[in-house]
């Protein structure tokens, strides 16, 4: 992820330094268990003292130099460590590279997901606050971008809130799903180590052992994670699009924050654009694009090829970084969002009550009028200049409905069940 959309805390998680720290943690933890069960001599533990003050900047540099020669990152890592300690020869005993890479991935991805989860919880709280604050505030509901029937601003936010709660459940499940490691060797059959050793190491790393693996952790776990992250991102995208649509000049109901020194256009000083919401839409397109390669990584050759590795090095840091960025950005937008209730009211009244057709349709059907016929009457009346006046004086309507019934329909309470909807949530 480019620096423009990268926060330092997420950058640190995906840094090369953190990756090497995780590799060494796994190697040392495995070595400790191997010493305990007598696979390698106890003297191997001296490496912990010798690496206690390891200079990771040096390690990164030296690993990079060696990798240029050997073209293998894990081998270069191990060779660099052997330059620091003679006991490094005991590291990686019975392991294959993917034992380290995939187990480290689990630790790193989990760190990234915890960071996202923490920020997403704050985003959800803002949605909840908005849903409560605007619970009874009317706004025109639109379908196909066209006036439909009134709803409330609160219900809009309650929709996003409900979706976000589902995404939080998926995120928590994804953390569990990704928290698996493996130390099963070159083709996953434990030819040199044992499942018991793997279980002991994973317990110390707070991971679960993969029940059965090839040379790698099964990639359906990664696909599951990315699917759920995409759904989370699309929750935010849906909100961003709503803000963009309601911020159009002729609508002007929701307004993105616009700060004192902010500028909207290099050419037009009057411009005030929904750039943050548009940025979210653009980044979600990128996030969604990772679905195809991450799914194609599931079907590898035999016990494994390496075609997954190159794109995962991009996808995993990029998707978590981008999602963390848009969660933080969307929370900022929401906290500073301007909701112009006077403009909303003005827009609802601008064209009269022509949209109040369904109450009449249902009432006429109750009175025995064919739905087809009633629909045609109301369609014609809704296109008149003054819907209220026209329907009060329409001969066909008056044959079936009293003036009182007409006025009841004209003043229909579209928000009559708001409280019942909210009762479904613990707010």
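The values are calculated or read from the model by the stated rules, or taken from the named source; none is laboratory data. Worth saying up front: this structure is predicted, and the values here are computed from it rather than measured. Every residue, glycine among them, receives a Cβ derived from its backbone with ideal geometry; neighbour counts consider all protein chains shown.
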Kindly establish whether residue 375 is touching a strand residue (DSSP E or B) at 6+ places or on another chain (Cβ under 6 Å) and under 26 Å from residue 146 (Cα atoms).
no
Looking at region 139-149, is at least one residue in contact (Cβ under 8 Å) with a residue 24 or more places away in the chain, farther than 30 Å from residue 351 by Cα and either out of contact with any helix residue (DSSP H, G or I) (no Cβ under 7 Å at 6 or more places or on another chain) or assigned by TED's automatic domain parsing to the domain that holds residue 316 (or both)?
no
Under 8 Å by Cβ, and 6 or more places apart or on different chains, what pairs join a residue from region 202-216 that is over 14 Å from residue 189 (Cβ atoms) with one that is modelled with pLDDT under 95?
none
Which condition does residue 133 not pass, out of (1) more than 30 Å from residue 181 (Cα to Cα); (2) in contact with a helix residue (DSSP H, G or I) (Cβ under 8 Å, 6 or more places away or on another chain); (3) touching a residue at least 24 places away in the same chain (Cβ under 8 Å), if it passes all the others?
(3)
If you go through region 7-51, how many residues are touching a residue at least 40 places away in the same chain (Cβ under 8 Å), in a loop (DSSP other than H, G, I, E, B) and either crowded, with 17+ Cβ neighbours inside 10 Å or touching a strand residue (DSSP E or B) at 6+ places or on another chain (Cβ under 8 Å) (or both)?
3
Of all the residues that make up region 106-146, how many are under 27 Å from residue 316 (Cα atoms) and in contact with a strand residue (DSSP E or B) (Cβ under 9 Å, 6 or more places away or on another chain)?
2
Would you pick out the residues in region 238-289 that are farther than 27 Å from residue 342 by Cα and either touching a helix residue (DSSP H, G or I) at 6+ places or on another chain (Cβ under 9 Å) or not assigned by TED's automatic domain parsing to the domain that holds residue 146 (or both)?
279, 280, 281, 283, 284, 285, 286, 287, 288
Considering only residues that are over 30 Å from residue 310 (Cα atoms) and crowded, with 19+ Cβ neighbours inside 10 Å, which ones fall in region 102-123?
123
Of the numbered conditions (1) in the same structural domain as residue 137 (by TED's automatic domain parsing); (2) surrounded by 14 or more Cβ atoms within 10 Å (Cβ to Cβ), residue 369 satisfies every one except a single condition; which is it?
(1)
Filtered residues of region 399-412 (kept if within 16 Å of residue 352 (Cα to Cα) and surrounded by fewer than 12 Cβ atoms within 10 Å (Cβ to Cβ)):
411
For the structure I just gave you, tell me whether residue 287 is out of contact with any strand residue (DSSP E or B) (no Cβ under 9 Å at 6 or more places or on another chain), surrounded by 14 or more Cβ atoms within 10 Å (Cβ to Cβ) and at pLDDT 95 or above.
yes
Of all residues making up region 159-205, the number that are in contact with a helix residue (DSSP H, G or I) (Cβ under 9 Å, 6 or more places away or on another chain), under 18 Å from residue 112 (Cβ atoms) and assigned to a helix (DSSP H, G or I)
10
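Residues are listed down the side, and each one gets a yes or a no for (1) within 29 Å of residue 127 (Cβ to Cβ); (2) outside the structural domain of residue 247 (by TED's automatic domain parsing); (3) surrounded by fewer than 17 Cβ atoms within 10 Å (Cβ to Cβ); (4) touching a residue at least 24 places away in the same chain (Cβ under 8 Å):
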residue: 338; (1), (2), (3), (4): yes, no, yes, yes
residue: 342; (1), (2), (3), (4): yes, no, yes, no
residue: 346; (1), (2), (3), (4): yes, no, yes, no
residue: 365; (1), (2), (3), (4): no, yes, yes, no
residue: 373; (1), (2), (3), (4): no, yes, yes, no
residue: 387; (1), (2), (3), (4): no, yes, no, yes
residue: 397; (1), (2), (3), (4): no, yes, no, yes
residue: 420; (1), (2), (3), (4): yes, yes, yes, no
residue: 427; (1), (2), (3), (4): yes, yes, yes, yes
Scan region 322-333 and give yes if some residue there is surrounded by 15 or more Cβ atoms within 10 Å (Cβ to Cβ) and farther than 30 Å from residue 118 by Cβ, otherwise no.
no
Provide a single number: the residues in region 243-270 that are closer than 23 Å to residue 347 by Cα and not in a helix (DSSP H, G or I).
13
